[in-house]
Amino acid sequence: MKRILFLFCFLSVTIVKIFPQSAAENKKNFYAAENYVLYEEYKEALRLYQDLLKIEPDNSNLKYRIGQCLINIPGSKLNLSVTWRML
């Protein structure tokens, strides 16, 4: 019984320490990506947005931002297809 209680306490403390760090790291990465977009460094922003999308695959805002980056990267396949359709 004591082992189970000890194991439960140990896991609870470990989980509490792990998840807030990853949430803070995700928030930091999102703000970094936003800054890259602000300064029109779309390739760097795209990498961060794609990493964040792996963590939250249903986040529509990240999908929008990825599309925005793809459209603004010169020579990207999406950029070429959008330009071709506009002609």
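Tallying residues that are hydrophobic (A, V, I, L, M, F, W, C) and closer than 14 Å to Leu70 by Cβ within the stretch 28-47 yields 4. Of the helices (runs of 4 or more DSSP H) contained entirely in the chain, those carrying at least 1 residues that are of a type in the set (S, T, N, Q) and modelled with pLDDT under 65 fall at 2-38, 77-86. For beta carbons closer than 8 Å, sequence separation of 6+ or different chains, a first residue in the stretch 43-62 that is free of Cβ contacts under 8 Å to residues at least 60 places away in the same chain and a second that is of a type in the set (Lys, Arg) and surrounded by 12 or more Cβ atoms within 10 Å (Cβ to Cβ), the qualifying pairs are Ala45/Arg65; Tyr49/Arg65; Leu53/Lys63.
The values are calculated or read from the model by the stated rules, or taken from the named source; none is laboratory data. Predicted model only: the values in this text are computed from it and were never measured. Cβ atoms come from the backbone with ideal geometry, glycine included; neighbour counts cover every protein chain shown.
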